[in-house]
Each structure stands twice: as structure tokens, then as C-alpha cells.
């Protein structure tokens, strides 16, 4: 890697990191480095200062926290994917993490870094949206909790303020619900061409509650609200109809691998299949 | 998973100890431990670093290049543009053809850029970071010109011209016509037509290119370290480019991390880096970035093909007519115009073909040059013939494998002369096909397919039978000599040094050549050290490409060993008091006839060096060199069968099982052969399924990073089940054929045939590569609309069962 010149700081704790961020307007936070460094390698990004928070060990955990499971921002995708606690209490996040990139990416990339990067085809956004997760952002003035549904504001952009660092992600326990993450991998990048996260509760063939997060299809991950509305309170046999509304009002992204038209088609199929899988797991 | 071939323990009819054994590669420990050295690992005292400014435009006039800001950066030693290049030559093209247009190909762009990534200026600095930073400060004032990307538009009357001197974008035309083509097409029961694209691929060797040059003025010695497949040919070309006598130039190739043909070339950087080192009197290094590797290292394939096959109702092939447009890119590299001609040579495949007409046009476009990429012209040929065979079988209502069997030459017809004038050395196509049939459970696959179709499951079975041209080759048929050199030297301690001109880049020649020579001399392969890739140590050689390493390079070493054996026998006969012909070389022991008198190998070798008791006229020392000129190419062959399932709703393809029965003649190390086939199949699948180097209408590289260019990955690949038949080649004394490209050649059509087969009940006839889900989905939709099959069928409910007959 032959990037442009940059300064590098490796703070020992969060407050040092936040002070540095406060003091350097164009600084970038470096966590696992799996979004930022490739951009720097191609000189598409040239931040004057990298604040490497990778050595702040206290931000790496997965633990119970009241009604939620709390995941520290520096927890790697591999750790999320293999967490017994998540698999028993809130498996959707782990299912999504298991399908991120490849082994190397999962061993280095972190949940905080992925969410802050807000790549339109990242996997976590679909999962945190479907889970109504809470994202904890910390600055020198304190913490604030951002609901996942309010977190993503556009391609590569979030509700995160310049002086904030993501410190924790809280996901609810979903043991009583069926969940599924279905993904079509881009064959080169491993990003989601379509990624669908579903959380669904049904009883006696009737859908009591459902949440569908979709990533990869448009410039921003979204909840398929029409699908949810069509299905809620209905029989599980309404799934194909509900899924056919998965891209209502969505502007599809197209690229060399998959046109917008195909992505939208694929999204509908994947939403149906994810709903069916979620219904069959509980 | 893989089975042992029948070659074990046998070589050329003799029993052997080492040949035929799955010996672990001698190369692996140092490579796996990461303690070996690639070019970029080398650091010389006082070394400077070079970076290039490359064109962001596919076609533009250069008005001015402003370098002042770059020159002013502390640590920058030199900045050069075309105008600074004095006393230096051009990038060579080795091809000679009557109407071939060879563009002037300078080491930096001259007044015009013709592809994205073309080098415009070079910066040399104390370190690579400074060099790259300074390169960003160079301002080039461009006037964009109309971009020529599409080959068909490039030959239209109103197209912009890439090389104005030529007044055309056609680089050459090549026609091969044999047999009464018009007649067979007129009398054919059916003519099967299909247009097929063979997309552009990037070779993506794991190690990008790298060049270091050091010039010592006192000694007048230029040493160039380069990641190349052809150290000696490169030495000759460097001496021409920089104007030094060839005796003053040494080329060294440290470890080479793959080439796939992309390093069978001479590049701009291999001229300019040595030239800079001479100008500056200091060593200069350039190491290619992956991004540069995608833009400025040769690409492979990129042809548009219109294929017509004339057949009789009973399945007899009558004739083939092919029109090929082959994308040259903007300039010719070493062999650019040769590649489509190899397609022409091999277009008949394994079939008896009474008439052939193939017309090839090489076309200039605003892209990187194409050149040899694993298979080089033969994968294209095999793809065309094997696809059209499959389409024809379907139209005739014949089983695709039976249709092929009907048109194979019989084993007794070999050597078999093809319609293209080649003499296929030896083959039993039927045997490999039968074995593949058994191993794949072909009949069961077909039964499952029928049941699957009834239940909305799209199972497909793909077959491809291939023959390819290896051991390249007789010198008469190659641009720069088709022979190879081998030197074998038994050192005074009895250890053996082998020098081979076939400089490898991952083929395992250090192991296989050691096995070969160990058997000949009755010693252990650990006592044989194979040296390559240093022109000061190794006699002139050609290189490793075209699956020639063992068949030509190995044979040269084998023949040199025969010379040495004769010498050993002369000396042993003298010392043991018997005639040379009564001496046998056993394992570690030299025996006189009758077995009473013997001496150890070490004693005999010692005697040759001490030289106190040698026969009159006997030259002391034990070294022999052989330059082996093959009498013919070799023609490995095989049958591949694979099974796939296609998702009718999404176009996604699941690769299930892949069976490959290959015949590469006698085998020295079955493990290495299997490794070559595994890698080859994966690479061929890469073309069928994922890989494509895409330039958009502006000539910008859309797939210029590994985030966009989809390489085959281990987890995407199905199980490989391998077996071999063994038909020794008569073209060399070891009976070997070559296996470096076979997998790539056989697998690409096999996969596409399987997918088209799966979707045949829907009326899908052909899908161009790579088989991206969207393409497959579109093919299904198009077939539905044309065939008026209800949408429910595509959604996987009730497929129609009629055979689809179209074309012709």
C-alpha cells in the first residue's frame, strides 16, 4: 500500500480518541481498516490523520444488557458470527455477520466500522434495521442512542456527528421469533447484491409481527414497510404477495454485475425466500 | 479425491523409482514459509524507486506535460517523458505476417495516449512514497479524442482511427480455407449457426510484475531482475532496447508468482527501468500496483465469433465456417497477433472435419493489448467448436456425447492430419470419453435431469471433449525458436546441478526435473538441484509457456543426461575393465555385465574429476548440454463432464460435480499434474462463470480492481473428480505431452454447455460468458417471450418438454 502521507495516532482509551477527533477536523477513525484502507490505497481517500481505535480493548465485547444484547463497536464480524450468546438470544446479527466478505475481512472488520462506513451494500444495515437495533454514539459531551431506523441517511452517510464515535450496538432478544438472512454475494467484492434480513413472529399460521431489512438494492438500506404492512396479521400464505411489494418506491442501483431492474427482481425473490425461511425456523 | 493414473512406476517402458511418484514439491517449503524472494523483495544499496503517470483517457492528444512541481519535490531524482527518451528502442512485437500492421510502440506515450493506463511519464525518487506523491503533481494537458472500444464500430467507415498512419483499425486479416466449403454447406442437411463472444480476461497473476535494474559502468554490466517467464528472450530484447551488447546484459528471475502467459512478454517497464538505471548510475526498482496490473499488463481472449457448422442428419460433420474479430488493443505486445491464429489452428477440435473456412480480423481498439493468456487461442477454439457441437447435437436430437463420439477419428488413424494441417501425434479420444462417462454417472445424471425438469428443477449436464496443442514447439512453427536447452552437471561430490532454459513460474520443474534425472542416474531427487532464471548461469533458453516446460525443457535435460550417461559408461568401462556397453547404471552403483565388478556412483564421479586414470581422449569433468528441437507439437486431450443446477427464478447457478479425464501422456509427478488440472479447471470456470474485463464506452476500465473483477474462489468451486488415460506422445523420448493449460481449455465450454443444457426445455439456446445470473435470467425471459412459454414455467412449475429447434 502506497497511500498519500498521513499522521497516525493510537490512543489508549476512548476519551483520548474523542479528544483527538475533536481537535482534528479531517481526521478519520481507523478500526478494522477494511473500508478506509482500500480507499487510501487507491488514493481515493487521503485523510491527514488516522486515529486508530483498534487498541481500545474495552470496546470489544458481546454481553447481556437488560432486554438487549450489547455488542461493543470493535467486535469483529468473526466474533459476532460465532457468538453463542447471539446465536441463542438474537441470532440475526450473527447470521448476517457470517456472510460478510470473506474470512480475512471477517477477522479484521468491526461492527462499528461497518455501520459508520454505511456502504450501501454492507450486510449489517439490513440486520440492524430489521432488529430495530440501537446504535450508541459517544462524543466528549456524552452518549446518545440512535435508533437504527434513523441512523442511515444516504450512501456512505449516517446520523453520526463529526465528533462522535460508535461505541456500542444494542439488539433485542428475539428468541421467540424466526429470523433469516438471505444474501446474493457479489462474486468479486463479497458485498450484498441483495441482502435481506427478516424477523418474524407467527402463531397458528398467522403473522403477528414482521420486520424486513433490505440492503444492496438502493443507495441506502431500508425497511420494506409495504411488505411488512401487507403481511402483518395475515396468514403466512400471504408471503409471496407481501414480497412482491419489497421494492415499492425504491430506486434500484445498477452496476456492471447487476442492473437496477435485476436487483429489484432479485430483492423480491430474496424477500420471499427469507420470509419463508424465517417462518420455518420457529 | 483424485485417482492414480496408470503411469506410476512406468516411463517409456522402463521401470522407474521416482518418475510417476507423487513427490512433494521441493519448491513448497520456502514458498509456504514466506522465506523466498520475489523481485519486489530485493533491496540493493542506494536503490531508487520508479513510479509512472498513466493516462486517465482512453484516447487523447497530449498538448503539454508539466513536470516542474514534481521535479521540485525533495527526494525526486529524475522525471522523464517521451522527449527525454534518447538512445532507447521500442516495445517489440515478434510477429511477421504479410499484411500485419505493427504500430510504433515507444516506452512512454508519444503525443497521444491510446488506452487508459498508458504510461506518460516516469518519476524516480529516493523512496516509492515520494515517487508516487510526485507523480500526482505532474499535470498532463489532454485533448480527448473519439474513443474506439467496440470492434464492429472500429471497422465501420466513420470510426476514429487509432494509428493514423495505417488509415484503418484493421491490424491484419488471416484466412485459412481447406476443403470444398461451399459444396458441403450447400449439400448439408442442416447448418447450425451461432454468434459467440469470448470475453476479455485479466490474467491476475498473484505476483504483479516487477523490474529492478542495476548498471555498473566500470564493468559495463547491466543486471535486470524481472518477474518474467522468458529471461533469455528478455535479455536479447533489453540489449536491443537499451543499446548494450547482449554479453553485457544479465537477466535474473527470482521467484515468479504466476504468469499465465502475462509474463511471456516484453513490457515498456522492462525497457525504461534499465535505461533509467544506466542514466542514473544507481539501481532502480519498479513494482507494479494491482491497479496497474489490471490496466497495463496484457489481457487475454476478447473475440467476437460467428460460427456455422454444416451437418448431415445422421450426425456427421461436413464443414465449419468461422468469422473472428479479435481485439488487439491499442498496440501489439510480443505475440498479440499470434493468439487468434492459434485459434484457427485448433478450431477443428477432436473431430474429423472435411472442410473449413476461418476468417480472422485483428482489430485495434483503445484498450490494453491482448496476448497469451493460459491456453492462448486454444481455449477460444475449443469453446467455439464445443459449443457449436452441443447446439448442433440438440438441433439434431442426438445425445451430445454420442454426437461427439461419431465424429472422433479412431485410434488407428493416428498420427491424424487435421484440416488445419496439424499432425495430431497420438490419442484415444473414445477411451477418455468412456471413462468420463463412467465416473460422472452420466446416464444417472440424464435420468435425474428428466425427473428434475418435470418438477421445475433445472439440472444440466455439460460435456466437453478437447484436444490442445502443447510442447510449443517445432522452431519452424514459432516466432523465436521452439527448442529448449538443458545442461546437466554432476559435481565432484556426486551432487547434480541441472540448468534449464525453461524458467518456471510455479510449474514445479525443480521437483519434476529432479525426479526425471534421479531415475536416469540412479540417485535421489534430493541430490539434484535445478537452477533456472539466471542468464549468466544457464545456457540460452526459450522459457516456460504453452505447456512446454516438461515436454521440451524436460526432454532437453533428459537428452543431456543421456550424453552424460554415455560418458559415465565410457569411464566406468575403462576403470572396471569392460566395454562401455557392458556397464549399467544402477541405484547408486555402477555395475559391469555379469554383476561381479562394480563401483559406487561417487567413486566414478570422483574419478572423472581427479582425472588421473581416464581413457585416452576422455574429457575430464561431467557436464553435458543439449538443445532439444521437437519434431512436432504434442496434443493432449480429454473429456470433461459436469453437472449444474440453475435457479429458474434468479438465474443463479449451482456447480455440483466436475469430472475431468485428461490424457497428457506419461506423467512424472501425478500430484503436480493434478494441481495443474485443478488450477486450470478453476481458471476456465472463472471465464465461464465470473471473470470479464469490461471497458465502458469511454474506454474506462469498469472492472479495474479485485473488488470488481471476479476471480474464481475456492468456496465457489465444486468437487473435482479426476482421472487420466495415458497415451504416450511419440514426439519426445519421454512420451510426455504437457498439462499446464488443459484444465482451462476443457472446463469453459463444459460449464456453458451444462447451463444451456439445463435451460434447454425453456428454449434457451446460448448464453454468452460470463454466466452472470442476470444474463441467465434474461435468457430465460427472452426464451419465454419467443417461445410463448407461460411465466409459470420459468418460475419453476411445469416446464415444457418439446425439443427446441431453431437456427439454420
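A few notes on this one:
- Largest first, the extents of the alpha carbon coordinates of chain A on the three principal axes equal 58, 45, 31 Å.
- Size of the stretch B:483-628 as Cα extents on the principal axes (Å, biggest first): 47, 26, 23
- Rounded Å value of the spacing that divides the Cα centres of the stretch A:118-148 and the stretch B:243-258: 56
- Alpha-carbon centroid distance for the pair the stretch B:712-737 / the stretch A:75-112, whole angstrom: 40
- Rg of the Cα atoms in the stretch A:1-133, relative to 2.2 N^0.38 Å, amounts to 1.09.
- Coarse-grained scattering of the stretch A:60-172 at q = 0.23 Å⁻¹, given as base-10 log I(q)/I(0) from a Debye sum over alpha-carbon atoms: -1.38
- Crossing angle, helix A:14-23 versus chain A [Cα axis fit, 0-90 degrees, rounded to tens]: 70
- Cα shape, the stretch A:138-180, gyration tensor, a/c 1.5 rule: oblate
- For the stretch A:1-33 versus the stretch B:433-472, the gap between their alpha-carbon centres in whole angstrom: 56
- Of every Cα-Cα pair in the protein assembly as shown, the percent that sits beyond 45 Å: 42
- Anisotropy class of the stretch B:596-635 from Cα gyration tensor, a/c 1.5 cut: prolate
- In this rough spin-label picture, where each label sits 7 Å from Cα along the Cβ direction, the residue B:193-residue A:175 distance is 6.9 nm.
- Gyration tensor verdict on the stretch A:179-281 (Cα atoms; rounded if a/c is under 1.5, prolate if a/b is larger than b/c, oblate otherwise): prolate
- Using a cutoff of 8 angstrom between alpha carbon atoms and counting only pairs six or more residues apart, the relative contact order for chain B works out to 16 percent.
- Model label sites at residue B:359 and residue B:166, defined 7 Å from Cα along the beta-carbon direction, differ in position by 1.9 nm.
- For the stretch B:403-549, projected area of the alpha-carbon convex hull averaged over all directions, nm²: 14.0
- FRET efficiency, residue B:100 to residue A:7 (Cβ-Cβ, R0 45 Å, nearest 0.05): 0.25
- Counting every C-alpha pair in the stretch B:345-484, the share spaced more than 25 angstrom apart comes to 41%.
- For B:774, B:509, order by how many other beta-carbon atoms lie within 10 Å, fewest first: B:774, B:509
- Mean sequence separation of contacting Cα pairs (under 8 Å, at least six apart), scaled by the length of chain A, corresponds to a relative contact order of 15 percent.
- Theoretical FRET efficiency, 1/(1+(r/R0)^6), r = Cβ-Cβ of residue B:312 and residue B:206, R0 35 Å, to 0.05: 0.15
- Considering all different alpha carbon pairs of the stretch A:7-51, the Kirkwood hydrodynamic radius works out to 10.9 Å.
- Taking the helices alone, chain B has a mean residue ellipticity at 222 nm of -8500 deg cm²/dmol, built from -39,500 (n - 2.57) per DSSP H run of at least 4 residues and averaged over all its residues.
- Viscosity 0.692 mPa s, temperature 37 °C, Stokes-Einstein D of chain B from Kirkwood C-alpha radius, µm²/s: 117
- Gain on full stretching of the segment that runs from residue A:209 to residue A:103 - 0.36 nm per residue minus C-alpha separation: 34.8 nm
- Remark: spin-label model distance residue A:162-residue B:477 equals 6.9 nm, labels positioned 7 Å along the Cα→Cβ axis.
- Using the Cβ-Cβ distance between residue B:454 and residue B:611 with R0 set to 56 Å, the FRET efficiency works out to roughly 0.10.
- Exposure proxy for A:199, B:423: other Cβ atoms within 10 Å of each Cβ, ordered fewest to most, give B:423, A:199.
- Relative contact order of the stretch A:60-172, defined on C-alpha pairs under 8 angstrom at six or more residues apart (%): 28
- Kirkwood hydrodynamic radius of the stretch B:282-379, from the reciprocal of the average inverse Cα-Cα distance over all distinct pairs: 15.4 Å.
Just so you know, all these numbers are worked out from the coordinates, no wet-lab data involved. A quick note: this is a predicted structure, and the numbers were derived from the prediction, not measured. Heads up, the Cβs are rebuilt from the backbone with ideal geometry, glycines too, and the neighbour counts pull from every protein chain shown.
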